[in-house]
1. Extending each Cα 7 Å along its Cβ direction at Glu262 and Arg101, get the distance between those two points in nm, one decimal.
2. Using 1/(1 + (r/R0)^6) with R0 = 35 angstrom and r between the beta carbons of Thr91 and Asp51, what's the FRET efficiency to the nearest 0.05?
3. Express the carbon and sulfur contribution to the solvent-accessible surface of the stretch 12-213 as a percent, rounded to the nearest whole number, probe 1.4 angstrom.
4. Can you give the calculated 222 nm mean residue ellipticity of the chain, where each DSSP H run of n ≥ 4 adds -39,500 (n - 2.57) and the sum is split over every residue, rounded to the nearest 500 deg cm²/dmol?
5. Rounded if a/c is under 1.5, else prolate if a/b beats b/c, else oblate: with a ≥ b ≥ c from the C-alpha gyration tensor eigenvalues square-rooted, which is the stretch 12-213?
6. Within the set of other residues whose C-beta is less than 14 Å from the C-beta of Ala79, count the net charge using Lys and Arg as +1 and Asp and Glu as -1.
7. Using θ = phi - 60° and the Karplus form 6.51 cos²θ - 1.76 cosθ + 1.60, what ³J(HN,Hα) does each residue of the stretch 61-69 get, whole Hz, x for Gly and Pro?
8. I need the phi-derived Karplus couplings for the stretch 237-246: 6.51 cos²θ - 1.76 cosθ + 1.60, θ = phi - 60°, integer Hz, Gly and Pro marked x.
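The values are calculated or read from the model by the stated rules, or taken from the named source; none is laboratory data. This one's a predicted model, so the numbers in the text were calculated from it and none came from an experiment. Don't worry about glycine lacking a Cβ; one is built from the backbone with ideal geometry, like all the others, and counts go over all protein chains shown. Heads up: the accessible areas ignore ligands, DNA and RNA and are worked out on the full protein's heavy atoms, side chains in. Shrake-Rupley method; radii C 1.70, N 1.55, O 1.52, S 1.80 Å.
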Amino acid sequence: MSSTGQPGRRVVRIGSLTVGDGPAVVLGGAQGTGPGPDGLRLSLARVTPGDRPAVLAKARASWEGPLLAEPAEPGDLAAVAEHADAVVVGTEWTEDAARLRAAAGLGLPMIVRRAPGASLAAWLEVAGRCAGAPGVVLCEDTGQGVDLGLARAARERGGLPVLASAGDGAGLAAAAVAAGADGLWLAEDAPAGQVAAAREAVTVVGALLRDERPATVAAARDAIDRTDAALAVLLERRAALAGVVQRLKPVGGFAGRDPERERRIVAAMARRAPRLGERRLAPIMKAVIESGLHLAEELKETPGDNDGEHAPGPGAAAAGRRHHD
Ligand SMILES: C=C(O[C@@H]1C=C(C(=O)O)C=C[C@H]1O)C(=O)O
């Protein structure tokens, strides 16, 4: 049973983390000072064989959250089982039946990366052979570009959570969340700016497009916080656009108020928000419109602060953080 109380294999728990239900997660990226990833990745191929147990132990000691380790060879499995919360398998494991069985036998959830060029059927077949593991998550990270259509199809056909590599651009992270990815898979040393961009995509795009059924007050409040974050981005964008109109209209500001236009805005919104309806939306939009008009008047008095020519895009907040890091 999933945490929503519905049967299904979609939800996988990795340590304290739930993947497949609730918000999309951010995995990988360096630990920074700001909000970090939800889970750390550690690929052992980069580490000298003799040092691997110690490196895993050190990573475990320095990070309380989920640790996802990718073994390089079967000799790494004991240390992975001891220190990690999930085992990640790539091509060399998915194409070797004995290795895959050994990884699936660790008692850890598995993250199954699609091999470069592998078809949907081949990828799902590998996942099927991991059935002994306490959970399987698919991961679209072949190192050769990201196929979000395939990731989406795998999620629908496989009934398993799917992670997608978010590369290093905020645009790809947003596209991955929009395509339904249950998590964004970053390079293990992805810098803080990439982690922030991934978090922004999970928050803002997830609030708009991801189906969530929170079952606790805390989970519902988290979902409300994400929705409010998306609202804030949209309100800032709307105020900037309304400011443009004030400067272009023959009579701007409160003096040029257009009640008919405002009524049409509320009516159009009520079609998308029928439960709120015009009666409840009207006072909300009155406050929103008047805030925009006040802002436009303030900016007119201090033109140096006026950057309203360009409405900020949804990634603006993360981009701003990147610049200030
Ligand atoms: C932006 C305009 O100016 C005012 C502000 C509006 C708004 O914030 O949407 C709508 C109508 C006007 O009262 C406009 O005329 O379109």
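1. It works out to 7.3 nm between the two label points.
2. With R0 = 35 Å, the Cβ-Cβ based efficiency is 0.90.
3. So the carbon and sulfur contribution to the accessible surface is 52 percent.
4. It lands at -14500 deg cm²/dmol.
5. oblate
6. Values: positive: Arg52, Lys58, Arg60; negative: Asp51, Glu70, Glu73, Asp76, Glu82, Asp85.
Result for the neighbourhood of Ala79: -3.
7. 5, 9, 8, 7, x, x, 10, 10, 10
8. 5, 5, 4, 5, 5, 5, x, 4, 4, 4
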